[in-house]
Amino acid sequence: MKIDFAKSEQSTLGLEWEIALVDSESGDLTPAANSLLANVAQAHPEVMNDGEHPHIKGEMLLNTVELVTGICHTVAEGTEDLRRNLNIVREAARPLGLDLLSAGTHPFSNPRTQEVTDKERYAKLVDRTQWWGSQMLIYGVHVHVGLDHVSKAMPVLDGLVNYFPHFQALSASSPFWNGEDTGYASQRALMFQQLPTAGLPFQFPNWAAYESYVQDMFTTGVIDATNEIRWDIRPVAGLGTIEMRICDGMSTLEEIGAIAALTQCLVEDFSNTLDDGGTIPTMPPWHIQENKWRAARYGMDAIIILDAAGKEQLVTEHTVELLNKLEPIAARLGCADELANVETIIANGASYQRQRAVAATADGDLRAVVRNLVAEMSTN
């Protein structure tokens, strides 16, 4: 099966931000996406295309909207694009009595009572996956980075997999599920991987091997379209990008900018290595799988496996070392300030830590956690 990889400028960016709609009074999720999108269309008819805003879209659940940037050259350009469209969503939400939040999941809403958007592909997914499909009350941030040649796609994917636990720990924001503390930093990470073709990617020696895998998926009826490959990191041939989908939803553009800068710098570093004739080291799949679990369970306190030899280190310590290595690349890409904000996340605590602190102060009242998440979102 031949899959054409679109031409992209190396290390360009695209960002996607999933946002939950909650009732301003109760803090519970509200299935109001259609009404909100109608308000957006009424306020901005000049940009609508076939009834859809190019950067503000619906998602699987009616309690969700997604912001999607255009092609950006810098992280600052990408976060400003998100800010501009967030303000549009905020204006559309206000008359509906809605607040906005973004976290890996909602702290107390019941997953099985959420209304699904009336589209065939969503109905098919829920019908096929049954109980698991009805549990997908999850929100994430995705970062696309452009690749200038298809030969880089699989090696860059391998490289990003090595840093899976770093992204997971920094973004972890789903400690609560249906009103309970799960004991995990990211419940979303383990929930999402229950879908077919979701979870950790397979690793292939080249693009042809990936094409063969996709052909097998079509032949055996596992997928009907390539976007049904829902890996945590995946190539997107139609855009000419590698897409990093590890991260839980995040409340602030400062955090999103930090994650975007880390992704962009790593991909640029891998690209430079390949241009220079080098190779990108890989780890055994069992180490990668263990790192994902450790980061989802322990977040910033995860002791992660660094290499095939089994060397280990605290994820935050290794992240700081990584930032020092990437500083020259960040300077060239114009994202030095955003990359430095990764250390701010480490210093201030990831969202799952902040949420637990609020819950403890409020004697376990998770509505206080929602109010705090809404307040964080309002600072953007």
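Numerical summary
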read-out	value
For the stretch 106-185: rounded, prolate or oblate by the Cα gyration tensor [a/c cutoff 1.5]	oblate
Number of Lys pairs (Cα under 29 Å; 8 or more positions apart or on different chains) in the chain	15
Mean shadow area of the stretch 39-178, taken as a quarter of the surface of its Cα convex hull (nm²)	11.2 nm²
Separation in nanometres of the label points that stand 7 Å from Cα toward Cβ, at residue 361 and residue 276	4.6 nm
Cβ-based net charge around residue 207, under 11 Å, with every Lys or Arg adding one and every Asp or Glu removing one	0
The chain - percent relative contact order, Cα under 8 Å, separation 6 or more	22 percent
Cα-based shape type of the stretch 164-272, given that a ≥ b ≥ c are square roots of the gyration tensor eigenvalues and the cut on a/c is 1.5	oblate
Mean separation of Cα contacts under 8 Å (6+ apart) over length of the stretch 1-61, as relative contact order %	20 percent
Phi to ³J(HN,Hα) by Karplus 6.51 cos²θ - 1.76 cosθ + 1.60 over the stretch 190-199, Hz, x for Gly, Pro	7, 5, 5, 6, 6, 6, x, 6, 9, x
Kyte-Doolittle mean at least -1.0 and Cα axial length at least 24 Å: DSSP H helices in the chain	75-93, 253-275, 315-333
Rounded, prolate or oblate (a/c below 1.5 giving rounded, otherwise prolate when a/b exceeds b/c) for the stretch 322-380 by Cα gyration tensor	prolate
Cβ charges +1 (Lys, Arg) and -1 (Asp, Glu), total dipole of the chain, debye	560 debye
Whole-number percent relative contact order across the stretch 161-269, with pairs defined as alpha carbons under 8 Å at least 6 apart	28 percent
Extended-chain gain in nm, criterion 0.36 nm per residue less alpha-carbon gap, residue 52 and residue 77	6.7 nm
Packing rank of 26-32, 238-244, 199-205, where each peptide gets the mean count of other beta carbons within 10 Å, highest leading	238-244, 26-32, 199-205
As computed over the chain, the Cα convex hull volume per residue (Å³)	133 Å³
Estimated distance in nm for a label pair at residue 193 and residue 223, the labels positioned 7 Å out from Cα along Cα-to-Cβ	1.9 nm
Two-site label geometry, residue 118 and residue 38: point separation in nm, points 7 Å out along Cα→Cβ	1.1 nm
Relative packing of peptides 368-376, 171-179, 269-277 - highest average C-beta neighbours within 10 Å first	171-179, 368-376, 269-277
Electrostatic dipole magnitude of the stretch 295-380 [Cβ: Lys, Arg +1; Asp, Glu -1; Cα centre; debye, to 20]	260 debye
Net charge of neighbours whose Cβ lies under 10 Å from the Cβ of residue 190, counting Lys and Arg as +1 and Asp and Glu as -1	+3
Summed residue charge, Cβ within 14 Å of residue 161's Cβ, Lys/Arg positive, Asp/Glu negative	-2
Dipole magnitude (debye, nearest 20) for the stretch 168-316, charges at Cβ of Lys, Arg, Asp, Glu	300 debye
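Values quoted throughout were computed directly from the atomic coordinates according to the rules given, and no laboratory measurement underlies them. Note that the structure is a prediction, hence the values are computed from the model and not measured. Neighbour counts run over all protein chains shown; Cβ positions are idealised from the backbone, glycine included.
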